[in-house]
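As structure tokens, the structure follows; a few thoughts come after it.
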Amino acid sequence: MASAVLVFLLCLTAGALTTVRSEDPYLFYTWNITYGTISPLGVPQQVILINGQFPGPTINSTTNNNVIVNVFNNIDEPFILTWSGIQHRKNSWQDGVPGTMCPIAPGTNYTYHFQVKDQIGTYMYYPSTALHRAAGGFGGLNVHSRSVIPIPYTLPLENDDFYVLINDWYTKSHSELRKLLDSGRTLARPQGVLINGQSGKTDGKGEPLFTLKPGRTYKFRICNPGLRTSLNFRIQGHNMKLVEMEGSHVVQNVYESLDVHVGQCYAVLVKADQEPKDYYLVASSRFLKGEPLMATALIRYEGGKGPASPELPKGPVGWAWSLNQFRTFRWNLTASAARPNPQGSYHYGEINITQTYKFVSSADKVDGKLRYAINGVSHVNPTTPPKFAEYYEVPEKVFKYDVMSTTPPAEKITQVTLDTNIRNVTFHDFIEIIFENPENTIQSWKVDGYSFFAVAVEPGTWTPEKRKNYNLQDAVSRHTIQVFPKSWGAILMTFDNAGMWNIRSEMTERTYLGQQLYISVYSPRRSLKEEYNLPDNAPLCGIVADMKKPEPYNL
């Protein structure tokens, strides 16, 4: 281990991708976080750059790689990055959310060290605090399958694998947007949509985002790191064969377009089998009042002649279309790949549910300011990360467990309480979570540290009788689920990853204003077999900053 650390320190200065140790390779990145001025929608504005890039660089890794990212914070506010979809087995310290780490102070750096253990697929990273996500700082995170593991399709060549980041965008800075929320107002409708940081034009001019060779098949990895808007993605004149979503190979249905809700990622295969010329990628808003917002980007056939047609493919209308599309997603049970826990199980539907959590969203004003809540509790981040308080064995000085009930009251929730929302759960329980949405807007939910089985999304109100509608055979294992207006979604999962993990609305406005909680999956054994120690390089804050470090866990 000492030799690996020495190589790690030597390679950090290079800022490039380096591989060491044959059994579990190490990948090293050095990232410089700065402000920059660009004009995504034609208006100069402040954005967050990573190594001068917007969006940020893509991480390309392989199953079980150790990923080392040395982040230098050169903006004027504390900063955190979260690695959306990476499970961080036994290592919630690296999850990059306020409940599990102190922020990287301006002018300092922090080195993330995590392993993409037993995972494959398409993911992303983004800032997790202070609405920084509204200014950028996001990018793709790809976990390739190991070469010895077969995949259920012919793998495109290395340079035929593209990331497409689609997101809503505001022309106000992240600090201006934060002031809006702090004053009790909402973000309201975004000003536009971006594809890889650009809105595009439909005049047929400009440089292509990607160039295709006729006859070749390409993989497009499509993620939505936006703030609040579901987007529909389509490629002019081309169909898309869905092959993977959020770490799971899926039944390979063909789609003309895909609804990509906030926080979600898909991988599709596209064959360059059309007339050689230019075509448009199109991303348009869903479920917004008024005319849809839209972004375009060109793809160009190598050697092709002729501009893209100005007649763009139209997007779908209504959320019933999106619900029906969700119902077509099925887990590919014949594919060899990393499997969710229970490890290797195809039979999650036969496992007894230990406990049911029903989370009902609500919104109300507290002291005249808007807050969002789960079961009437709106989360407040304490100055000491709750995970640190647990590790130092002083949780009672920072928060109380279980201030939120796991089942909401029968009557409509009309009052919101501000508190630090931590649920204490039992290690290895197999649980059912119901996300119920009584509101008129779509929601998207994210669970850190795990994949779960998305067994149902249905209109109406959930009751136990609705379990008969669950897909207990081949529901996709993933880490996000959308819940449509006046609807509910159900997931099944096992709490087998010790640590503290965030469950949150992926709508950044809602997260910022309290619609989140943490689950403490605590192992009283304090053993390295179940959880890693607090990293030696972790910045300290709050009440633990001056406390003596506890005795480390051991085997």
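Miscellaneous remarks
- Among the residues of segment 140-181, the ones that are surrounded by 20 or more Cβ atoms within 10 Å (Cβ to Cβ), farther than 19 Å from L227 by Cα and not polar (S, T, N, Q) come to 2 in all.
- Yes/no for G15 being modelled with pLDDT under 95, outside any helix (DSSP H, G or I), of a type outside the set (D, E, K, R) and in contact with a strand residue (DSSP E or B) (Cβ under 7 Å, 6 or more places away or on another chain): yes
- Tally, over segment 504-541, of residues that are in a loop (DSSP other than H, G, I, E, B) and more than 18 Å from T229 (Cα to Cα): 20
- Restricting segment 509-548 to residues that are among the charged types (D, E, K, R) and either farther than 21 Å from K90 by Cα or touching a residue at least 40 places away in the same chain (Cβ under 8 Å) (or both), the residue that is most open to solvent (accessible area, probe 1.4 Å) is K548.
- Any hit, segment 455-469, residues being β-branched (V, I, T), in contact with a His (Cβ under 9 Å, 6 or more places away or on another chain) and either part of a strand (DSSP E or B) or buried (at least 24 other Cβ atoms within 10 Å of the Cβ) (or both): no
- One residue stands out in segment 460-486 among those that are among the hydroxyl-bearing types (S, T, Y) and within 22 Å of the chain's Cα centre (by Cα): the one that is modelled with the lowest pLDDT, namely S477.
- Selected residue (only one of T334, T328 is over 14 Å from R286 (Cβ atoms), surrounded by fewer than 16 Cβ atoms within 10 Å (Cβ to Cβ), modelled with pLDDT of 90 or more and of a type in the set (S, T, Y)): T328
- Residues that are of a type in the set (S, T, N, Q), under 23 Å from N502 (Cβ atoms) and in contact (Cβ under 8 Å) with a residue 24 or more places away in the chain occur at least once in segment 65-79.
- Filtered by the rule that a residue be exposed (fewer than 14 other Cβ atoms within 10 Å of the Cβ) and either among the small types (G, A, S) or within 20 Å of V47 (Cβ to Cβ) (or both), segment 184-200 gives a lone residue, A188.
- Residue in segment 262-289 that is nearest to W319 (Cα to Cα), counting only those that are open to solvent by less than 40 Å² (accessible area, probe 1.4 Å) and of a type in the set (F, W, Y): Y266
- Any chance V250 is touching a residue at least 12 places away in the same chain (Cβ under 8 Å), crowded, with 21+ Cβ neighbours inside 10 Å and within 30 Å of P78 (Cβ to Cβ): no
- Listed by first and then second residue, the pairs with beta-carbon distance under 7 Å, at least 6 apart or on different chains, first residue in segment 341-352 and under 12 Å from F453 (Cα atoms) and modelled with pLDDT under 65, second of a type in the set (D, E) and in a loop (DSSP other than H, G, I, E, B), are N341/D496.
- When segment 27-77 is filtered for residues that are surrounded by fewer than 19 Cβ atoms within 10 Å (Cβ to Cβ), under 17 Å from Y126 (Cα atoms) and among the hydroxyl-bearing types (S, T, Y), the ones remaining, listed by number, are T30, T34, Y35, T58.
- With respect to (1) within 21 Å of Y518 (Cβ to Cβ); (2) in a strand (DSSP E or B); (3) open to solvent by 10 Å² or more (accessible area, probe 1.4 Å), the lone exception for R89 is condition (2).
- D429 being in contact with a Leu (Cβ under 9 Å, 6 or more places away or on another chain), open to solvent by 10 Å² or more (accessible area, probe 1.4 Å) and of a type in the set (D, E): no
- Here A410 does not qualify as under 26 Å from K549 (Cα atoms) and not in a strand (DSSP E or B).
- Across segment 120-129, the number of residues qualifying as open to solvent by less than 30 Å² (accessible area, probe 1.4 Å) and either small (G, A, S) or under 14 Å from N60 (Cβ atoms) (or both) comes to 6.
- Tabulated pairs, segment 92-111, first open to solvent by 40 Å² or more (accessible area, probe 1.4 Å), second in a loop (DSSP other than H, G, I, E, B) and among the charged types (D, E, K, R), C-beta under 8 angstrom, 6+ apart or interchain: P106/D76; P106/E77
The values are calculated or read from the model by the stated rules, or taken from the named source; none is laboratory data. Since this is a predicted model, take the numbers as computed values, not measurements. Positions of Cβ are backbone-derived with ideal geometry, glycine not excepted, and every protein chain shown enters the neighbour counts. Surface areas here come from the heavy atoms of the whole protein model, side chains and all, with no ligands, DNA or RNA. Shrake-Rupley method; radii C 1.70, N 1.55, O 1.52, S 1.80 Å.
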